[in-house]
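Report on the structure given below.
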Amino acid sequence: MQSLFHLAIHVTDLDETRAFYGDVLGCTEGRSTDTWVDFNFFGHQLSFHLGTPFTTTRTGKVGDHMVMMPHMGVVLRLDDWLALSERLAQKGITFDIPPVIRFEGEPGEQRTMFFFDPSGNPIEVKGFADFDGLFAR
């Protein structure tokens, strides 16, 4: 079964959120009120509500990195991932984990990068040359 994903999280400022997800990431804004805004996050619905963002800790050991947990993210085709990583670099985004190849030469080989939105929510973007490798063992 294939379907779309929906996630609703807290942010501290809707204007900063609009600028980041719209102008920096290139996501299309959807519905909104005075207290929340929706975005088309690479084909999925991401809703941002004013409030205190979730607490994160660097407790996820993945490959050679300790990653922020919890985090949200998206998996892109490699060409789209490369274009986004270049866009983020051009926009001056500070990476928590700069663009890197993970599990090189192994099942599930991928590119990944981690960064934060203006409210401190951690985001991972993965890139796969072949989506069949997403769940490879």
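We did not get these values from a lab; they are worked out from the coordinates using the rules stated. Computed from a predicted structure; not experimentally measured. Every residue, glycine as well, gets a Cβ built from its backbone with ideal geometry; the counts of neighbours run over all protein chains shown.
Some notes on this structure:
- Working note: Karplus 6.51/-1.76/1.60 with θ = phi - 60° gives segment 19-30 the couplings 5, 5, 6, x, 6, 7, 7, x, 7, 8, 6, x Hz, where Gly and Pro are set to x.
- In the chain, helices alone account for a calculated mean residue ellipticity at 222 nm of -3500 deg cm²/dmol, with every DSSP H run of four or more residues adding -39,500 (n - 2.57).
- Taking segment 121-137 and a reference point 7 angstrom along Cα→Cβ of His71, the backbone N atoms nearer than 12 Å belong to 121-127.
- In loop segments of segment 25-115 as defined by DSSP, the trypsin sites (Lys or Arg not before Pro) with at most 14 further C-beta atoms inside 10 Å of their C-beta are Lys91.
- Using the Karplus relation 6.51 cos²θ - 1.76 cosθ + 1.60 with θ = phi - 60°, the per-residue 3J(HN,Hα) values for segment 36-43 come to 7, 8, 9, 9, 7, 8, 6, x Hz, with x marking Gly and Pro.
- Cα radius of gyration and Dmax for segment 6-50 (Å): 9.2, 24
- Loop sites in segment 30-60: chymotrypsin sites (Phe, Trp or Tyr not before Pro), DSSP, at most 15 other Cβ within 10 Å: Phe54
- In order through segment 109-122: 3J(HN,Hα) via Karplus (6.51 cos²θ - 1.76 cosθ + 1.60), integer Hz, x for Gly, Pro: 3, 8, 9, 8, 7, 10, 7, 10, 7, x, 8, x, 6, x
- For Val62, Val11, the sequence from fewest to most other C-beta atoms within 10 Å is Val62, Val11.
- Semi-axis lengths, Å, segment 57-133, gyration tensor of Cα atoms, sqrt of 5 times eigenvalues: 19, 16, 10
- Length-normalised contact order for the chain - Cα pairs under 8 Å, 6+ apart - percent: 22 percent
- Gly120 long-range amide H proximity, modeled H, under 5 Å: none
- Angle in degrees between helix 78-90 and the longest Cα principal axis of the chain, rounded to the nearest 10: 50 degrees
- Sparsely packed loop sites in segment 8-104 (the GluC sites (Glu not before Pro) outside DSSP H, G, I, E and B with at most 16 other Cβ atoms within 10 Å) comprise Glu104.
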